[in-house]
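The values are calculated or read from the model by the stated rules, or taken from the named source; none is laboratory data. Keep in mind that what you see is a predicted model, and the values were worked out from it rather than measured. Don't worry about glycine lacking a Cβ; one is built from the backbone with ideal geometry, like all the others, and counts go over all protein chains shown.
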Amino acid sequence: MTLESINQPADLRLLSYPELDDLAGEIRDFVVRAVADTGGHLGSNLGAVELTLALHRVFESPRDAILWDTGHQAYIHKIVTGRRKQFEQLRQANGLSGYPSREESPHDFVENSHASTILSYAYGLAAARDAGVDGDRRHIVAVIGDGSMTGGMAYEALNNLGHSKRRVIVVLNDNGRSYAPTISNLTTAASAPVPIPQPSFADPADQATLPGRITGKLSHSLTNIRLNPTYVRRQRRIERFLRDLPVVGPQAERGMEAFKAAVREFLQPPSFFEALGVRYVGPVDGHNIEELEVAMRNAIELSADGPICVHVMTQKGRGYSPAEDDDEKHLHDTVVFDPAVGPPKFLPTGYTQAFAEAIIKEAEADRRIVAISAAMPGPTGLIPFETRFPGRFFDVGIAEQHAVTGAAGMAMGGLRPVVALYSTFLSRAWDQVVYDVALHRLPVIFCLDRAGVTGDDGPSHHGVYDMALLSKVPGMRVLAPSSVQDLQVMLHDAVTLADEGPVMIRYPKGTARQVGEHEVGEGIRARSMRTATEPANSVCILAIGKMVSAAEKAADALAATGIEVALWDVRCCAPLDPVMISDAATHCAVLTIEDGVRDGGIGMTIADQVHAITADVPVEVLGIPTQFIPQGKADHILARLGLDADGIAASVRSLVRDGS
């Protein structure tokens, strides 16, 4: 097999184009098998095979910096840079990261899994290179795609790249998708004249017409012309000639520019890039290695004048029929599966499913309720809502800041927006939460999925900052359900609570606790789950969200050894229930447990309030340490941090020993 001979990028340059085509097929088979064993991102990597091979044949990594946005499309990059054998441990503890990792390889520059950032990195690296402090760095290539161009930060960087004329090559990997179909007129418009004979890349009805075929052919030809350095040099001479004409020179030059712009606008809509000072060429067939190499080599020469964007069209999930046939996400990510038949159809489970059902129920009763997603309607459970209420669902793309301030505007107009995001991604819109929503006391409900330690996706995806941050926002109510039933009650209550300002509900990934109808709380009150007959001689445990289940098990284990504890489900982390605080202060010691950061977290706030009542009651605070937690199974990580039933029981025993 050719793949076994590829241990570094230089090995790719020894292959012929037929051999490269065979290698592409081998790589796709390898990636499908690897992801089937471990789970991970599949569709985006299957679509980036030829593009990655071409990049590593043309550019000399790591002397040339190849940067990836988002990082989940870098599996092929990892394979050809010597990490093929490590894929058996993909996304496992102490194994291969699912994203680029500076600790793994000098070929990885940015450990990014939050989208739309790479053009800013590229701008900074170019500035360092141009200042002469970045060694012998030659070319900086920023691969952006899989929906990342829907994020506003990308446009901020484009603006600065164009203005500064930094020599950066931007590769826009346009597969028309993020997690869901990309929400962007830029890529939609650009995709119309695609020169690739793949039905899924263009509107078949349009391409079937004679004008459609002519336009596509002209667009392809214009791309080839504009990538030709000889054409560019001649164009510059013509421009100088026109500019130097007596009397009419300036008008003639502007006339030529207007004519060229009109042609580009008709044949290639993304003249947007050139308005920002970034030369645009494309679209290029992202599955034709030879065509890609020609485009990249010409882009190197053209980049001498400043940044250039090479627009590459790829097919997400290419070469694996279950991915190609997945209309929702083209197997963007998968759990472990049988590669012969493909993964089972994705269905929300646990808290996500509970939220999906609850928001529809609330929306049926209250027509003000609308739902907002940032490119992830499936993973956040909003697809059933979109189906039921298409006019009340808004997917804004990978644009969390816009999602939050857009929600603020909706709330000002009388709606009740529910913003459903992953916990880790809300931090991208911190400023908007504080100053656009909370400052105005607007009725926006934030539903944060994947809160706490999430596991396999590593440090960038653990949702451990939400409680510490949002509990400090004036007027914000921070709720953490410990069961499916409690989440549904909280969402119902949040619609009314929002009359006084924003509400946040955060819940974890994975299996959800189920309880009876009489085992849930209400409003912003905590719930007493277990009382002690002698509070002055017992420990009071205050558990938050997912930690309630572990605390229950610990309490049972402790009771079996004769240690009695009281147990509260905190439920509302901000404001804290004064009844709960008062009760905790009557015990000999207090133990708080949360799956958020310990420093500045809810436990420390509880300690302050308990000590305001009784200063000498010891309060032990358990939570996530202030460090980046690498990937691994969530339960294993929590156990290592002492946040499982055994760890909680051990902490209680320690408090009892110290008290005696």
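For the structure I just gave you, tell me whether residue 32 is crowded, with 24+ Cβ neighbours inside 10 Å, out of contact with any strand residue (DSSP E or B) (no Cβ under 8 Å at 6 or more places or on another chain) and among the hydrophobic types (A, V, I, L, M, F, W, C).
On the way: crowded, with 24+ Cβ neighbours inside 10 Å: no; out of contact with any strand residue (DSSP E or B) (no Cβ under 8 Å at 6 or more places or on another chain): yes; among the hydrophobic types (A, V, I, L, M, F, W, C): yes.
So residue 32 fails the test.
Quick one: count up the residues across region 377-411 that are part of a helix (DSSP H, G or I), acidic (Asp, Glu) and surrounded by 19 or more Cβ atoms within 10 Å (Cβ to Cβ). Please lay out each step first, then the result.
Our first condition is that a residue be part of a helix (DSSP H, G or I); within region 377-411, this holds for 383-388, 390-392, 400-411.
Remaining after also requiring acidic (Asp, Glu): 386, 400.
So of that shortlist, the ones also surrounded by 19 or more Cβ atoms within 10 Å (Cβ to Cβ) come out as 400.
Of the residues in region 377-411, 1 are part of a helix (DSSP H, G or I), acidic (Asp, Glu) and surrounded by 19 or more Cβ atoms within 10 Å (Cβ to Cβ).
Scan region 258-272 and tell me whether some residue there is modelled with pLDDT under 90, closer than 30 Å to residue 35 by Cβ and surrounded by 17 or more Cβ atoms within 10 Å (Cβ to Cβ). Can you show your working first?
Residues of region 258-272 that are modelled with pLDDT under 90, as a first pass: 258-272.
Subset that is closer than 30 Å to residue 35 by Cβ: none.
Scanning region 258-272 turns up no residue that is modelled with pLDDT under 90, closer than 30 Å to residue 35 by Cβ and surrounded by 17 or more Cβ atoms within 10 Å (Cβ to Cβ).
If you go through region 350-370, how many residues are free of Cβ contacts under 8 Å to residues at least 60 places away in the same chain and either of a type in the set (Asp, Glu) or not in a helix (DSSP H, G or I) (or both)?
Counting residues in region 350-370 that are free of Cβ contacts under 8 Å to residues at least 60 places away in the same chain and either of a type in the set (Asp, Glu) or not in a helix (DSSP H, G or I) (or both) gives 4.
Report, by residue number, each residue of region 622-650 that is surrounded by 17 or more Cβ atoms within 10 Å (Cβ to Cβ) and either in the same structural domain as residue 466 (by TED's automatic domain parsing) or within 30 Å of the chain's Cα centre (by Cα) (or both).
Within region 622-650, the subset surrounded by 17 or more Cβ atoms within 10 Å (Cβ to Cβ) is 622-624, 629, 631-632, 634, 637-638, 641, 643-645, 647-649.
Listed by number, the residues that qualify are 622, 623, 624, 629, 631, 632, 634, 637, 638, 641, 643, 644.
Determine which single condition residue 52 fails, assuming it passes every other condition in (1) in a loop (DSSP other than H, G, I, E, B); (2) over 20 Å from residue 456 (Cβ atoms).
(1)
Which residues, taken from region 515-571, are of a type in the set (Gly, Ala, Ser), on the phi < 0 side of the Ramachandran plot and assigned to a loop (DSSP other than H, G, I, E, B)? Please lay out each step first, then the result.
Taking region 515-571 and keeping what is of a type in the set (Gly, Ala, Ser), we get 516, 521, 523, 526, 528, 532, 536, 538, 543, 545, 549-551, 554-555, 557, 559-560, 562, 566.
From what is left, the residues that are on the phi < 0 side of the Ramachandran plot are 516, 521, 526, 528, 532, 536, 538, 543, 549-551, 554-555, 557, 559-560, 566.
Selection gives 516, 521, 526, 532, 538.
Would you mind stating whether residue 449 is at pLDDT 95 or above and within 15 Å of residue 355 (Cβ to Cβ)? Write out each step before concluding.
Details: at pLDDT 95 or above: yes; within 15 Å of residue 355 (Cβ to Cβ): yes.
Judged against the criteria, residue 449 is a match.
Of these, 571, 657, 653, which one is of a type in the set (Lys, Arg), surrounded by fewer than 23 Cβ atoms within 10 Å (Cβ to Cβ), touching a residue at least 24 places away in the same chain (Cβ under 8 Å) and over 30 Å from residue 39 (Cα atoms)? Don't jump to the end; show me each part of the working.
On the way: 571 fails: surrounded by fewer than 23 Cβ atoms within 10 Å (Cβ to Cβ); 657 fails: touching a residue at least 24 places away in the same chain (Cβ under 8 Å).
Exactly one residue qualifies, and that residue is 653.
So, residue 72, is that one out of contact with any Gly (no Cβ under 6 Å at 6 or more places or on another chain), assigned to a loop (DSSP other than H, G, I, E, B), surrounded by 18 or more Cβ atoms within 10 Å (Cβ to Cβ) and modelled with pLDDT under 90 or not?
Numbers: out of contact with any Gly (no Cβ under 6 Å at 6 or more places or on another chain): yes; assigned to a loop (DSSP other than H, G, I, E, B): no; surrounded by 18 or more Cβ atoms within 10 Å (Cβ to Cβ): yes; modelled with pLDDT under 90: yes.
Considered against the rule, which asks whether it is out of contact with any Gly (no Cβ under 6 Å at 6 or more places or on another chain), assigned to a loop (DSSP other than H, G, I, E, B), surrounded by 18 or more Cβ atoms within 10 Å (Cβ to Cβ) and modelled with pLDDT under 90, residue 72 comes out as no.
Restricting attention to region 318-339, does a residue exist that is part of a strand (DSSP E or B) and not assigned by TED's automatic domain parsing to the domain that holds residue 278? Give the steps one after another, and end with the answer.
Filtering region 318-339 for residues part of a strand (DSSP E or B) gives 333-334.
Checking the rest, the ones that are also not assigned by TED's automatic domain parsing to the domain that holds residue 278 come to 333-334.
Yes, because at least one residue in region 318-339 is part of a strand (DSSP E or B) and not assigned by TED's automatic domain parsing to the domain that holds residue 278.
When residue 613 is evaluated against the numbered criteria (1) closer than 22 Å to residue 545 by Cβ; (2) surrounded by fewer than 21 Cβ atoms within 10 Å (Cβ to Cβ); (3) of a type in the set (A, V, I, L, M), which criterion, by number, is the only one it fails?
Here residue 613 meets the rest and fails (1).
Can we say residue 363 is under 25 Å from residue 152 (Cβ atoms), aliphatic (A, V, I, L, M) and touching a strand residue (DSSP E or B) at 6+ places or on another chain (Cβ under 8 Å)? So that I can check it myself, show each step before the final result.
Numbers: under 25 Å from residue 152 (Cβ atoms): no; aliphatic (A, V, I, L, M): yes; touching a strand residue (DSSP E or B) at 6+ places or on another chain (Cβ under 8 Å): yes.
Considered against the rule, which asks whether it is under 25 Å from residue 152 (Cβ atoms), aliphatic (A, V, I, L, M) and touching a strand residue (DSSP E or B) at 6+ places or on another chain (Cβ under 8 Å), residue 363 comes out as no.
Picking from 55, 15, which residue would you name as being among the aliphatic types (A, V, I, L, M), in the same structural domain as residue 297 (by TED's automatic domain parsing), surrounded by fewer than 19 Cβ atoms within 10 Å (Cβ to Cβ) and over 23 Å from residue 342 (Cβ atoms)?
None of the others qualify; the one that does is 15.
Out of (1) farther than 30 Å from residue 517 by Cβ; (2) in contact (Cβ under 8 Å) with a residue 24 or more places away in the chain, what's the single condition that is false for residue 498?
Answer for residue 498: the failing condition is (1).
Could you list, in sequence order, all residues of region 137-172 that are in a loop (DSSP other than H, G, I, E, B), at pLDDT below 95 and either surrounded by 24 or more Cβ atoms within 10 Å (Cβ to Cβ) or outside the structural domain of residue 274 (by TED's automatic domain parsing) (or both)?
146, 147, 151 - these are the residues of region 137-172 that are in a loop (DSSP other than H, G, I, E, B), at pLDDT below 95 and either surrounded by 24 or more Cβ atoms within 10 Å (Cβ to Cβ) or outside the structural domain of residue 274 (by TED's automatic domain parsing) (or both).
Would you mention how many residues in region 600-636 are small (Gly, Ala, Ser), closer than 28 Å to residue 450 by Cα and assigned to a helix (DSSP H, G or I)? Break it down stepwise before answering.
From region 600-636, those small (Gly, Ala, Ser) are 600-601, 603, 607, 612, 615, 623, 632, 634; that's our starting set.
So of that shortlist, the ones also closer than 28 Å to residue 450 by Cα come out as 600-601, 603, 607, 623, 632, 634.
Pick out the ones that are also assigned to a helix (DSSP H, G or I) and you get 603, 607, 634.
Within region 600-636, residues that are small (Gly, Ala, Ser), closer than 28 Å to residue 450 by Cα and assigned to a helix (DSSP H, G or I) number 3.
For residue 108, state whether it is among the acidic types (Asp, Glu), in contact (Cβ under 8 Å) with a residue 60 or more places away in the chain and either part of a helix (DSSP H, G or I) or outside the structural domain of residue 630 (by TED's automatic domain parsing) (or both).
On the way: among the acidic types (Asp, Glu): yes; in contact (Cβ under 8 Å) with a residue 60 or more places away in the chain: no; either part of a helix (DSSP H, G or I) or outside the structural domain of residue 630 (by TED's automatic domain parsing) (or both): yes.
Considered against the rule, which asks whether it is among the acidic types (Asp, Glu), in contact (Cβ under 8 Å) with a residue 60 or more places away in the chain and either part of a helix (DSSP H, G or I) or outside the structural domain of residue 630 (by TED's automatic domain parsing) (or both), residue 108 comes out as no.
Residues to consider are 319, 306; find the one that is surrounded by fewer than 19 Cβ atoms within 10 Å (Cβ to Cβ), on the phi > 0 side of the Ramachandran plot and out of contact with any helix residue (DSSP H, G or I) (no Cβ under 6 Å at 6 or more places or on another chain).
Numbers: 319 fails: out of contact with any helix residue (DSSP H, G or I) (no Cβ under 6 Å at 6 or more places or on another chain).
306 is the lone residue from the list that is surrounded by fewer than 19 Cβ atoms within 10 Å (Cβ to Cβ), on the phi > 0 side of the Ramachandran plot and out of contact with any helix residue (DSSP H, G or I) (no Cβ under 6 Å at 6 or more places or on another chain).
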